[in-house]
Amino acid sequence: MTRRTVRIAMNGVTGRMGYRQHLVRSILALREQGGLALGDGTVLWPEPVLVGRREHALREIADRHGLTEWSTDLDAVLADDTVDVYFDAQITSARVDAVRRAVAAGKHLYVEKPTATSLDGALELARLARDAGIKHGVVQDKIFLPGLLKLKRLVDGGFFGEILSVRGEFGYWVFEGDWQQAQRPSWNYRAEDGGGIVSDMFPHWEYVLHELFGRVTSVQALATTHLPRRWDEGGKPYPATADDAAYGVFQLEGGAVAQINSSWAVRVHRDELVEFQVDGTHGSAVAGLRGCRVQHRSATPKPVWNPDLPVTESFRDQWQEVPDNLPPGGGFENGFKAQWELFLRHVVLDEPYTWDLLAGARGVQLAELGLRSSAEGRRLDVPELTL
């Protein structure tokens, strides 16, 4: 067995997502399983180099996990020829500059979304990476979730017949920060810092819709700020200048319509924090993060509207759970880790990989058009992007 080390500069691991999902549940999880077997007797061993602005936080994380390499000097890390990959999970407004520097240093790129605060910036990064001839990928974790993998299996198997519509509900109550601490960082609610639920979630909806049902061809959205005052990590009140809820309608290539509500000001009355209902001529499905339920047309009940009598049937009991059949090659894994494995194989073995910076730019484009649609009060076409 041969071990091949890939050194990864990980910028932004002091943040919630960068630490929990990318460092702990992806890179360190790969190390705990003994590395990533490539199938030819070689094991890929990821070696993280932690990067950030807060020295004490980096040192604490490194000590906690027995890591030895960390730095607050990004340029010095990028100048290290032994570093192969640059990963970025910083605040969005800091991403473009850092990724530019990583491209100039010749590093392969793996970045969180949104890849930039504007479509121009996102396309610039995609062009720079293409022209530099480096490998590049964007995190699109939700399509690797068990519930959506089951949903894709249904789509690919023709279960739905003609798909008519997709309805999505995402969100939960994010506490204002005064009497209970907020679950999300305060910058998420400041537009000047790149916050807002449209810029955060529309990139997700773009790749989910694109991968499962077809390209988004138009968008009509209403973005709003339901809670205009919040409290930051220090307990100080601040004006929430970014949108905390968005209601979007998306026309899809092929004619299906998707409607997705996104909100950080909603209390959950559903089985999971995000759910998608897909209705087709032959059947319907409801998928969440892990579960997926179906109702085929042959087993569809025939309800009758009668407001004068109480409902006696349990509509939820009329659906069938999709089993946890294992996909080829193994079981359902953490979605972030699954995509990290594919990207690392792409870097080392040059295996095909479609979730690149151009795909990331499509998400930024949809968010930008969604905000413009809301501001102008009209539906906007979504042009197909090319470099």
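Annotations
- Under a 5 Å amide H cut-off, with hydrogens placed 1.01 Å from N, Val6 pairs with Trp45, Glu47 among residues at least 5 apart or on other chains.
- Counted residue by residue at 0.36 nm each, then reduced by the alpha carbon distance between them, the extension gain from Thr386 to Arg54 reaches 115.7 nm.
- Net charge over other residues, Cβ less than 11 angstrom from the Cβ of Ala89 (K, R count +1; D, E count -1): +2
- Among Val311, Ala76, Leu38 the positive-end extreme of the charge dipole of the chain (Cβ point charges): Val311
- Option label - semi-axes √(5λ) of the Cα gyration tensor in Å computed here, alternatives (i) 32, 26, 18; (ii) 36, 26, 21; (iii) 52, 29, 19: (ii)
- Percentage relative contact order, segment 162-284, counting C-alpha pairs under 8 Å, at least six apart: 42 percent
- Relative packing of peptides 172-178, 214-220 - highest average C-beta neighbours within 10 Å first: 214-220, 172-178
- Between the listed residues Leu148, Gly168, Trp264, the Cα displaced farthest toward the positive end of the dipole of segment 116-273, a dipole computed from Cβ unit charges relative to the Cα centre, is found at Leu148.
- Whole-Hz couplings from phi, Karplus 6.51/-1.76/1.60, listed for segment 286-300; x for Gly and Pro: 10, 10, x, 5, 10, x, 8, 10, 10, 9, 7, 4, 5, 10, 7
- Panel note: the C-alpha atoms of segment 273-343, placed on their principal axes, show extents of 57, 26, 19 Å (largest first).
- Highest mean packing first, where packing is the average number of other Cβ atoms within 10 Å per residue, the peptides 197-204, 160-167, 226-233 line up as 197-204, 160-167, 226-233.
- For the pair segment 61-88 / segment 184-226, the C-alpha centres are spaced 31 Å from each other.
- Within the chain: Cβ-based charge dipole about Cα centre, in debye rounded to nearest 20 (Lys, Arg +1; Asp, Glu -1): 280 debye
- Measuring r between the beta carbons of Gln183 and Thr2 and using R0 = 45 Å, the FRET efficiency lands at 0.55.
- Shape call, segment 39-106: gyration tensor on alpha carbons, a/c limit 1.5: oblate
- Förster radius 45 Å - calculated FRET efficiency between Asn306 and Asp350, Cβ distance, rounded to 0.05: 0.15
- Under-5 Å amide H pairs with Asp356, H placed in peptide plane, nonlocal only: Val138
- Cut-off under 5 Å, modelled amide H: who pairs with Thr42 long-range: Thr2
- J(HN,Hα) series, segment 53-68, from Karplus relation 6.51 cos²θ - 1.76 cosθ + 1.60, nearest Hz, glycine and proline x: 9, 9, 4, 5, 5, 4, 4, 5, 5, 4, 5, 4, 10, x, 9, 10
- Order of Asp120, Asp193 under a 10 Å beta carbon neighbour criterion, fewest first: Asp120, Asp193
- Residue (of Thr117, Asn11, Gln183) at the positive-pole extreme of the chain, dipole from beta-carbon charges: Gln183
- Dipole size of segment 106-151 about its Cα centre, with +1 on Lys/Arg Cβ and -1 on Asp/Glu Cβ: approximately 200 debye, rounded to the nearest 20.
- Here the calculated FRET efficiency for Arg270 and Arg64, from their Cβ-Cβ distance with R0 = 41 Å, stands at 0.70, rounded to the nearest 0.05.
- Rounded if a/c under 1.5, otherwise prolate or oblate - segment 302-383, Cα gyration tensor axes: oblate
Each reported figure results from applying straightforward, stated rules to the coordinates on display, with no laboratory input. A quick note: this is a predicted structure, and the numbers were derived from the prediction, not measured. Counting neighbours? That spans all protein chains shown, and the Cβs are built from the backbone with ideal geometry, glycine included.
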